[in-house]
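Undergrad: Pasting a structure here, questions to come.
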Amino acid sequence: MNSYIKNALLFLQDIIFTVKCPYCQKVIERNDYACKKCKSKFPPKGFETYAIGGYKTISPFKYDGIFASGVKNFKFHENPSYARQLAVPLVDEILAKYDIRTFDIITAVPMYYKNQRERGYNQSELLAKQCSEIMGIPYAELLEKHKANKAQHTLKGKERENNVHGVYRVIDSQAVTDKNILIIDDIITTGNTLGECCKVLKKAGCKNICCATLCAAIV
């Protein structure tokens, strides 16, 4: 393919498949991950919280402002392609806070199959797969959500803990045994969801678990 044809195809691709900033929806360069204005609002360092059970969780953003908008645009407005762009700051935070050489597998918090079918995708899975590709660490589906429950954001306190109890299970314990696992979700609030997933993985025999989310809901 000569350069003229290649450039013409790239031009057509830019017209047909516009890329937007996931935080503000402004059109950006095809290979970029956010507009300059939104990038200028990225915090100089991320946030560290803990899921229930004491599992360290790192996040590049606090869940507010443009970052909350980014999650909502990705999660609720049929924008699965934003996974590639949102994974960039998440990977930067993972590289800054963890020694990725210790991870054997990356996995994601699963959705109940009916909810995933309704949305069309699991946003946490898409994020995890993009992180896997960027960092060169294998991705595997280690957990399944085999029971339906209420949305966590509709509940408070002890209700959240009870709501996730027993809804996750390991798909194949042999894939988990003695493994160092990085589990990814879109947001951590009270830490009950991630904590329950970690508890189930630990019970199945994994060696170590670390967590990462795009945003942390910090009061």
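Undergrad: First check a/c for segment 74-154, with a ≥ b ≥ c the square roots of the eigenvalues of its C-alpha gyration tensor; if it is under 1.5, answer rounded, and if not, answer prolate when a/b is larger than b/c or oblate otherwise.
TA: It comes out prolate by the Cα gyration axes.
Undergrad: Next up: Taking only Cα atoms, what is the 0 to 90° angle, nearest 10, from helix 65-76's long axis to the longest principal axis of the chain?
TA: 80 degrees
Undergrad: To continue, here is another question. Ignoring ligands, DNA and RNA, what percent of the accessible area of the chain is carbon or sulfur (1.4 Å)?
TA: 52 percent
Undergrad: Roll a 1.4 Å probe over the protein chains and send me the accessible area per residue for the chain in Å².
TA: 54 Å²
Undergrad: Still on this structure: Dividing the alpha-carbon radius of gyration of the chain by 2.2 N^0.38 Å (N being the number of residues), what value is obtained?
TA: Values: Rg = 18.1 Å, N = 219, 2.2 N^0.38 = 17.1 Å.
Working it through for the chain, the quotient is 1.06.
Undergrad: Would you mind telling me which residue in Asn163, Asn73, Asn115 has the biggest mean-square fluctuation in a Gaussian network model of the chain, where springs connect alpha carbons within a distance under 10 angstrom?
TA: Asn115
Undergrad: Still on this structure, I have one more. Using only Cα atoms, find the angle between the long axis of helix 82-97 and the longest principal axis of the chain, and express it within 0 to 90 degrees, rounded to the nearest 10.
TA: Approximately 60 degrees, to the nearest 10.
Undergrad: So how do Asp32, Asp104, Asp178 rank on accessible area, 1.4 Å probe, biggest first, that is with the largest at the start?
TA: Asp178, Asp104, Asp32
Undergrad: A further question on this structure: Using a 1.4 angstrom probe and counting only protein chains, how large is the accessible area of Lys207 in Å², to 10?
TA: Its heavy atoms expose roughly 130 Å² to the probe.
Undergrad: So which cysteines of the chain have no other cysteine's Cβ under 4.7 Å from theirs?
TA: Cys24, Cys38, Cys131, Cys197, Cys198, Cys206, Cys210, Cys211, Cys215
Undergrad: For segment 62-116, what class follows from the C-alpha gyration tensor (a ≥ b ≥ c being the square roots of its eigenvalues): rounded when a/c is under 1.5, otherwise prolate if a/b is larger than b/c, else oblate?
TA: oblate
Undergrad: Near the amide H of Tyr139, under 5 Å away, which other amide H atoms are found, from residues 5 or more places off or on another chain, if H is placed in the peptide plane?
TA: For Tyr139, whose amide H was placed from the backbone, the distant partners under 5 Å are Ile106.
Undergrad: Along the charge dipole of the chain, which of Ala87, Asn149, Ala212 sits closest to the positive end, that is, farthest toward it, with unit charges on the beta carbon of Lys, Arg, Asp and Glu (+1, +1, -1, -1)?
TA: Asn149
Undergrad: Given charges of +1 on the Cβ of Lys and Arg and -1 on the Cβ of Asp and Glu, with all other atoms neutral, how large is the dipole of the chain about its Cα centre, in debye to the nearest 20?
TA: That gives the chain a dipole magnitude of about 440 debye.
Undergrad: Here's something else I'd like to know. So what's the net charge close to Lys26: Lys and Arg +1, Asp and Glu -1, counting the other residues with Cβ under 9 Å from its Cβ?
TA: Within the 9 Å Cβ shell, the charges total +2.
Undergrad: Now for a different question. Considering only Glu118, Glu141, Glu196, give the residue with the highest GNM mean-square fluctuation for the chain, with springs between Cα atoms whenever their separation is below 10 Å.
TA: Sorting by GNM fluctuation, first place goes to Glu118.
The values are calculated or read from the model by the stated rules, or taken from the named source; none is laboratory data. In this text the structure is predicted, and so the values were computed from the model without any measurement. Here the Cβ is made from the backbone with ideal geometry for all residues, glycine too, and neighbour counts use every protein chain on show. Accessible surface areas use protein heavy atoms only, side chains included; no ligands, DNA or RNA. Shrake-Rupley method; radii C 1.70, N 1.55, O 1.52, S 1.80 Å.
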